[in-house]
Structure formats: structure tokens, C-alpha cells
């Protein structure tokens, strides 16, 4: 007999034991007769019991602590998307929501297919409600304060002191925007001071805007924002060093440069559609603007990644992210995945964060499925010899 490889075993198992998506029965039952009697009843009871164990709620580990397949830390777009995919994969999942979503100050989220213009809090509410369909997914409010262990055997300490165990971790803890500590910046964040033109550019199109950027990135940033408005001004907030070439290019685009340090921003954060009215400089001069686009320095919102040993990267002093494989989303610590704004990406938005969470969940569940199959094959006496030959 040819050696039984794991791939062959999985193919056999998949075609003979998988569930039908339409009926909830094993494939092949539709073609078999339906004998009655105690044997069938016992078989159905066994199937239901196995299904409950496989797709039910949490279990306990050897120390009596809650045991999950995956703990997802963070319940923004990335975390909830990862939890949804994992829940639909039958995984026992704990989702920890530390609150304070990054986009909470914004009036609406944009660019998300079927959810364009939805208020950020409402979008997360819908996501949490949809997780409620899956009894194998547990949602809790609270933070994770510590994580330790290794692939297949992680421990996560919650802020109330409880310790849970998990086979894998997903870190979707996001970043914190370090805005200038001057009046108006924090108050108008998401309401007149914006990070992403793809999220807010359409609403600010054609209006008088400013770009707050350092000299090294100023021209590229201006070139991007003028896609939505040609009424632009560049603010360097007291930072010199703008090259002569960039000055000439900005002058050719009719973009004035203001190098004086900013004293404050003035406006009404409660006004719909953008509350910024003017930028006031330290010398007292004011520039009437209705929006400022600014990419502030960012730091990790949680220290969990670093505490468990994940490598962090800071390509520039103002940006820090968790290093993760761009395809698998696995960090430098095996079994720990990262998603959302906490990792490096082409951009930062709700839809990109959601996609990265789903991508991490796909790869993670695949890894769990392969490990489950290997463990089951190894535990089957009749397959041990074949598995040994296949490994050889």
C-alpha cells in the first residue's frame, strides 16, 4: 500500500466527513437510506454531542482555567473581523474589548462596502451583534494586561486578575495618535483635523484646507490632498528645512507655506460636517481653514506585543508597529498574529483593518486545522504506522 500522507488523509476526511453547508448533515447522508431504530438514534445523539463539543462554548484546561482556541485582544474592525471568521470556523474564541476605538471621534466611517457613512460606534455595534449568533465566540469588555507562553499554550491575564489559556493569539490592539498638545487639536480630531483623505476627503472636497507636515514629507502630502481641494496651504509648525526645490514646486502649485509655530486651532467640534474655523499662530496671525490633514506620530496602544516578545519596528522615530508577515500576519513569535493599525500596511482605514483581521484568521484557522488533523492521526492506532512512513 502506498504511504498515507497527511494530505491524502485530509482529502479522505474532508470528502467523507465534512458537514453539508445546506443541511447540517454529513455529506453522503442524502444518498443513503434512512433506517430507523435505536442504532440510528444513538448515532444521532453521538453526532449532536460531538458537534456541541466541537462548536460549543469554552472548555477548561488542566488547571481549571477557561481554555480557548484563540484569544483576540482588541474589538475594533480588525479584532471583530478575525473573531467572525474564527467563529464561523468553529473555533472557541474569546474577544477582549478594551474600548477607546481610534476612530470614535469621527462622525462617520467611509469607504467600507455596504457601510459607507455609518457612524463608527454603530458599525462596531453591528459587528458585536453578529458575533452573538455563534455560541463558540465569547465577547467581554476588559483589557489583557499580560501574555506569556508559547505556540499552542499561551496564557493571558485579564485586568480583573483572571487567567485564561489559548492555543493562538490575535493582537488587534491598534495605535494611539500623539496629537500636538495645544488647544483645539484633540477637540477637533475627526471633526476638522483629519488623518486619512480616503476617509474624509470627499466631505472636505473643494473647501479651504491645510496640510500639516514636516518638510521631508510636505510636498508628497500636499500632492495627495490637492486631489480633493486646490485651496491648500502648507503648515510646518515652526519646523524649518523645506528644500528650495520643494518651495519652487509648491509655488508652482499656488500652495503658500506657513512656517510659524501653531498656537491653537479654533472652531466648533459640535458642528456637523467639520468644525474647524481657523489656525492661529504664536505671533497672533490667523489663517481661515475648514480642515487640516495631519499624520501624527503613533505608538502602540497596548504593550502586550512587546511583553510576549514580539519584535517591534520603527522605520522612523514617529511610527512604531508590530512586525508581522505581510501574508500570514504571524508575528516574530510563533502562534501570535497581529492585525489592524498595529501592523504596517499600505494605509490605515476601517476596511483595511477589517481585511487584515480576516486574513490573519484564515491563516490561523488553517494552522489549527492542520495541527488538529495531525494530532488525530497520531492518536489513531491504525494510522500510526502510515503516519510514520509518511513523515519519513
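The values are calculated or read from the model by the stated rules, or taken from the named source; none is laboratory data. Note that the structure is predicted; figures quoted are calculated from it, not measured. When we count neighbours, we look across all protein chains shown, and the Cβ atoms used for this are built from the backbone with ideal geometry, even at glycine.
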*Before we move on, is residue 169 within 23 Å of residue 242 (Cα to Cα), touching a strand residue (DSSP E or B) at 6+ places or on another chain (Cβ under 9 Å) and not in a loop (DSSP other than H, G, I, E, B)?*
no
*Test residue 345 against the stated conditions and say whether it is surrounded by fewer than 21 Cβ atoms within 10 Å (Cβ to Cβ) and over 17 Å from residue 101 (Cα atoms).*
yes
*Residue count for region 193-212, restricted to those that are surrounded by 15 or more Cβ atoms within 10 Å (Cβ to Cβ) and closer than 17 Å to residue 278 by Cα*: 9
*Would you call residue 363 in the same structural domain as residue 167 (by TED's automatic domain parsing), in a loop (DSSP other than H, G, I, E, B) and more than 17 Å from residue 80 (Cβ to Cβ)?*
no
*Sole exception among (1) touching a strand residue (DSSP E or B) at 6+ places or on another chain (Cβ under 9 Å); (2) assigned to a loop (DSSP other than H, G, I, E, B); (3) touching a residue at least 12 places away in the same chain (Cβ under 8 Å) for residue 347, by number*: (1)
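For (1) crowded, with 18+ Cβ neighbours inside 10 Å; (2) under 19 Å from the mean Cα position of the chain (by Cα); (3) in contact (Cβ under 8 Å) with a residue 60 or more places away in the chain; (4) over 30 Å from residue 258 (Cβ atoms), each residue gets a yes or a no:
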position	(1), (2), (3), (4)
279	yes, no, yes, no
283	no, no, no, no
293	yes, no, yes, no
298	yes, yes, yes, no
305	yes, yes, yes, yes
310	yes, yes, yes, yes
316	no, no, no, no
322	yes, yes, yes, yes
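Tally time: how many residues in region 172-192 are assigned to a strand (DSSP E or B) and in contact with a helix residue (DSSP H, G or I) (Cβ under 8 Å, 6 or more places away or on another chain)?
So the answer is 1.
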